[in-house]
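Participant: Could you have a look at this structure, given as structure tokens, before my questions?
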Amino acid sequence: MLGKLLKYELKATARIFFPLYGLIFLLAALNRLFWQINAEGLMIPRVIMMTVYIMLVVSVFIITLVVTIQRFYKNLLGDEGYLSFTLPVKTHSHIDAKMIITFLWSALSILVSIISIFILVADDQSLTQFSLMCGDIATVYHKLGLSAHLIALELIVVVILMFVSSILEIYAAIVVGNLAGRHKLLAGVGAYLGFGIIEQIIASLLIQGFGHQIMLYYDSFQLVQGAAAVVQPFEMTLLVLIVFSLFLCAAFYFFTHWMLNRKLNLE
């Protein structure tokens with residue numbers, strides 16, 4: 001059933017994002033063409049086109065956030081919630097489907113923005129610089145050996161978990177805000193800010209509780225020579241971030257799941 005939910009969610013959101021992505025690529029290509037043409041009379045159109053392009057790139061991330069909130073609230077807590085929860089689908093499948101599709105569009109929005117910037121500014125010089133940078137990274141990667149693979153894997157996992165925890169935090173705030181009789185949006189924003197404060201408190205308590213051990217650990221590498229003096233502490237830092245992000249993901253996920261099962265307040 002999760003597959004059907006994913007297909008439905010993807011179909012419902014693709015009609016929003018695909019035209020946006022196409023428009024971003026089109027504006028990037030037009031801006032590149034306008035700036036390559038040497039004509040003083042095109043200065044105003046150039047500025048207008050570039051402004052529209054920048055606004056569109058920024059808006060795609062805002063739209064991603066709005067769609068994330070709208071799809072979750074409308075399908076599970078709004079009028080469609082009656083239908084959604086009468087389907088033979090478990091609550092976690094609803095959360096999983098929306099979380100996966102939101103993560104997909106968030107990642108694609110970033111990728112599309114990067115590609116569009118590349119279309120806009122790429123030339124022989126920038127391509128040469130990019131090639132040299134990739135060569136330097138490959139050299140460092142080769143020198144570090146197994147540690148490079150571990151760091152790369154940890155970085156990917158950290159980024160994914162941070163994205164997922166952010167999505168789940170929004171979902172948790174929405175279900176809390178839905179409990180308010182009035183001002184659901186304001187209550188949801190307050191809940192989101194409250195979750196952020198709790199995260200900061202937990203992180204501060206952990207740092208305060210283990211601060212001495214952490215300092216001793218990092219101080220132990222001051223006399224170490226070679227790449228290990230940098231690589232091993234970095235690996236450990238990423239591992240700690242992975243564990244903390246996993247904790248946040250689990251906390252927000254199960255809290256949202258519990259709220260939808262026990263405290264559901266459909267309009």
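The values are calculated or read from the model by the stated rules, or taken from the named source; none is laboratory data. Everything numeric in this text was worked out from a predicted model, so none of it was measured. So basically every Cβ, Gly included, is an ideal-geometry build from the backbone, and we count neighbours across all protein chains shown.
Participant: Could you count how many residues in region 142-174 are surrounded by fewer than 16 Cβ atoms within 10 Å (Cβ to Cβ), under 28 Å from Leu104 (Cα atoms) and either outside the structural domain of Gly194 (by TED's automatic domain parsing) or small (Gly, Ala, Ser) (or both)?
Facilitator: Result for region 142-174: 1.
Participant: Take the conditions more than 25 Å from the chain's Cα centre (by Cα) and either assigned to a helix (DSSP H, G or I) or of a type in the set (Ser, Thr, Tyr) (or both) and apply them to Met49. Does it pass?
Facilitator: The answer is yes for Met49.
Participant: Going through Ser113, Ser147 one at a time, which residue ends up being assigned to a helix (DSSP H, G or I), among the hydroxyl-bearing types (Ser, Thr, Tyr) and modelled with pLDDT under 75?
Facilitator: That would be Ser147, the only listed residue that is assigned to a helix (DSSP H, G or I), among the hydroxyl-bearing types (Ser, Thr, Tyr) and modelled with pLDDT under 75.
Participant: Does Ile197 satisfy the condition of being closer than 24 Å to Phe244 by Cβ and without any contact (Cβ under 8 Å) to a residue 12 or more places away in the chain?
Facilitator: yes
Participant: If you don't mind, there's one more thing I want to ask. Cβ-Cβ under 9 Å, sequence separation 6+ or interchain: first residue in region 177-189 and at pLDDT 80 or above, partner of a type in the set (D, E, K, R). Which pairs?
Facilitator: That search, which allows pairs on different chains as well, returns Gly177/Lys184; Asn178/Lys184; Asn178/Lys263; Asn178/Glu267; Leu179/Lys263.
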